[in-house]
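Scroll down for the structure; my scribbles are underneath it.
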Amino acid sequence: MSVTTMDKVDFKERVRRWANKLDARVTSVSVRLMKTKWASYSTTGRLTFDASLLELREGLQDYVIVHELLHDHVPNHGKLWKSLMRAHLGDHEALAEELKRIEKKAERAD
């Protein structure tokens, strides 16, 4: 499945909606190929997402979006971050495990 320009536009709009909901600062959103991770968030509010994320279901996309945006308020993955993830996504641990399984399949395919 190839990612279209419209997919990117829709995805970026979802990122902006989540940013507004979480009151997270976002200065730019980009989607490009990344080799080692799903996304990154800079202290200046710059978000970068791996293009392959757009091929996953929305629940997994939301996990990555919220994960990164919460770093605007919480720089680590401690108790507060986990509590906020749970408040916004419910069973975020199951989503994280699903992403790990997808990563392992992709690594074996390379």
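Values in this text are rule-based calculations from the coordinates and carry no lab data. As the structure is a computational prediction, the values presented were derived from the model and not from experiment. Cβ sites come from the backbone with ideal geometry, for glycine too, and all protein chains shown count toward neighbours.
With both bridge residues required to lie in the chain, what share of the DSSP beta bridges run antiparallel, to the nearest 5%?
Values: 3 of 8 bridges.
For the chain, the DSSP antiparallel bridge percentage is about 40.
Is region 5-109 best put as rounded, prolate or oblate by its Cα gyration tensor, with a ≥ b ≥ c the root eigenvalues, rounded for a/c under 1.5, and otherwise prolate when a/b is larger than b/c, oblate when not? Present the calculation step by step, with values, prior to reporting the outcome.
Numbers: a/c = 1.57, a/b = 1.11, b/c = 1.41.
Taking the square roots of the gyration eigenvalues as a ≥ b ≥ c, region 5-109 is oblate.
To the nearest 20 Debye, how big is the dipole of region 5-109 about its Cα centre, given +1 on the beta carbon of each Lys and Arg and -1 on that of each Asp and Glu?
Numbers: 20 positive and 16 negative charges, 47 e Å.
The dipole magnitude comes to about 220 debye.
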(message) Just to be sure I understand the model, the point goes 7 Å from the Cα along the line to the Cβ. What's the resulting Lys100 to Val9 distance in nm?
(response) 3.8 nm
(message) I want to check the label-to-label distance for Ser52 and Ser28. Put each point 7 Å from Cα in the C-beta direction and report it in nm to one decimal.
(response) 2.4 nm
